[in-house]
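Take a look at the structure set out below.
The values are calculated or read from the model by the stated rules, or taken from the named source; none is laboratory data. Owing to the predicted nature of the structure, the values given are computational and were not obtained by experimental measurement. Positions of Cβ are generated from backbone atoms using ideal geometry, with glycine treated the same way; all protein chains shown enter the neighbour counts. Areas reflect the complete protein model, heavy atoms only, side chains present, ligands, DNA and RNA absent. Shrake-Rupley method; radii C 1.70, N 1.55, O 1.52, S 1.80 Å.
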Amino acid sequence: MNDDGTMSRLDDLVAFAQRHNLKIGTIRDLIAYRRRHDHLVEKRAETHFSSRWGGDWTATSFYNKATGDEQIALVKGKVDPGKPTLVRMHAQALFADMFGEVSKRGGLLEGAMRIIGEEGAGVIVVLNKPMVGGQLSKVIEAQAGKRQGGMDPEELRDYGVGAQILTELGVQDMILLTNSHHTLVALDGYGLSIVGERPIPCSGDE
């Protein structure tokens, strides 16, 4: 905080650090440091399958050492670090993804897979919350609450873990498959950069 009670911005903090001979770091610096010293995700298993949504895919599970959770990445073709990669960061939605629910999220996963299938290469990171110990009932309760204006499942999205997985897969520049603009901070700390966005043809917004 500044002396007048306003929030300190970067220029204010730099001046304060210089005045008191302090070092200053950003979230970007912290992420870059942890990338060099921490290895939080590791590949656990891999399989190949053919889908009606885009043809042949490789599915790889990634274990998060910090939380004990696992996420899955769907890879089509070969990731070329020298070219922008089509990327979808997809928060798993049980009703929309598995049961064909008619909603603003309906068809997003299928649409993203079809786009990548047509282009021949891309990555979808499916971010899920494990359903153990009765958590399925919580998913159903959350679904009911969403219809009543409650919390949207998108709020559960963890882009930090997804960014680490993309880095493991060799992604650098990416074209984000999304129907709404997201402000993702400090991605360059992971060695990632959004160079474009592309909408997914389906009804409703993401």
>> If I ask for residues that are at pLDDT 75 or above, open to solvent by 90 Å² or more (accessible area, probe 1.4 Å) and aliphatic (A, V, I, L, M), which ones from region 1-20 would you list?
In response: Met7
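Quick grid of which residues meet (1) touching a helix residue (DSSP H, G or I) at 6+ places or on another chain (Cβ under 6 Å); (2) within 13 Å of Ile165 (Cα to Cα); (3) at pLDDT 95 or above; (4) of a type in the set (Ser, Thr, Tyr):
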| residue | (1), (2), (3), (4) |
| --- | --- |
| His48 | no, no, yes, no |
| Ser51 | no, no, yes, yes |
| Trp57 | no, no, yes, no |
| Val75 | no, yes, yes, no |
| Pro84 | no, no, yes, no |
| Val87 | no, yes, yes, no |
>> Here's a check for you: in region 84-108, which residue that is without any contact (Cβ under 8 Å) to a residue 24 or more places away in the chain and assigned to a helix (DSSP H, G or I) is least open to solvent (accessible area, probe 1.4 Å)?
In response: Ala96
